[in-house]
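Colleague: Have a look at the structure that comes next, please.
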Amino acid sequence: SDVVSLNCVLTEETAGMVDETFVAAMKPGALLVNTARGGLFENLDVLEAGLRSGHLGGLGTDVLPGEPPEDHSLIRAWRNFEPWLGGRLVITPHTAYYSESALYDMRFKAAETAALFLQGNEARNRIV
């Protein structure tokens, strides 16, 4: 695939799943997007190695393995606009969901769920 988007929960099984093996299995030059959980990344070293080698064509992430981010060479390179990154790394501060539409939907769905529950219905989004 040209783009791999991580949209999964963080569990014992998925923790650190983006490791050297994962990156090596990706199509050369593919883009990796993570708007799920920072713990899906094994560490920043794996991401930096993939970007430096060019195997990762780019990385867009709304989450990091540790937050606030550790003092790491990849974070420093991004902050300093180092040429080798060439705009191939986009980091946003937990704002992937943020839009007027998303805020409206969250409020509407919360009210709808509460009303259904108060009417004696089982919540559709119940997690057991």
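Any read-out appearing in this document is the output of simple, stated calculations on the displayed coordinates, not a laboratory observation. The model shown is predicted, which means the values in this text are computed figures rather than measured ones. Using ideal geometry, Cβ is built from the backbone for each residue, glycine included, and neighbour counts are taken over all protein chains shown.
Colleague: Tell me, what is the percent relative contact order of the range 3-95, built from C-alpha pairs under 8 Å that lie six or more residues apart?
Modeller: Numbers: 147 pairs, mean separation 26.1, N = 93.
About 28 percent, as a whole number.
Colleague: Now, a different point. Give, in nm to one decimal, the length gained when the segment between Thr21 and Val3 is fully stretched (0.36 nm per residue of separation minus the Cα-Cα distance). The partial results should precede the final answer.
Modeller: Values: separation 18, 0.36 × 18 = 6.48 nm, distance 1.67 nm.
In short, 4.8 nm is gained.
Colleague: If you don't mind, another one. Quick one: net charge around Ala24, please, counting Lys, Arg +1 and Asp, Glu -1 for every other residue with C-beta under 15 Å from its C-beta. Please report the intermediate quantities before stating the final value.
Modeller: Values: positive: Lys27, Arg52; negative: Asp19, Glu20, Glu42, Asp45, Glu48.
Surrounding charge for Ala24 is -3.
Colleague: Divide by every residue of the chain the summed helix terms, -39500 (n - 2.57) for each DSSP H run of at least 4, and state the resulting mean residue ellipticity at 222 nm, rounded to the nearest 500 deg cm²/dmol.
Modeller: Values: 4 runs with 42 residues, N = 128.
Only helices count here, giving -10000 deg cm²/dmol.
Colleague: Taking the Cβ-Cβ separation of Asn43 and Phe81 as r and a Förster radius of 35 Å, what is the calculated FRET efficiency to the nearest 0.05?
Modeller: Numbers: r = 23 Å, r/R0 = 0.65.
Efficiency at R0 = 35 Å is approximately 0.95.
Colleague: Express in nm, to one decimal, how much length is gained between Asp105 and Arg52 on full extension, taking 0.36 nm for each residue of separation and deducting their alpha carbon distance.
Modeller: 15.2 nm
Colleague: Here are a few candidate values for percent of Cα pairs over 26 Å apart: (i) 29; (ii) 39; (iii) 34. Which one was actually calculated from the structure I just gave you?
Modeller: (iii)
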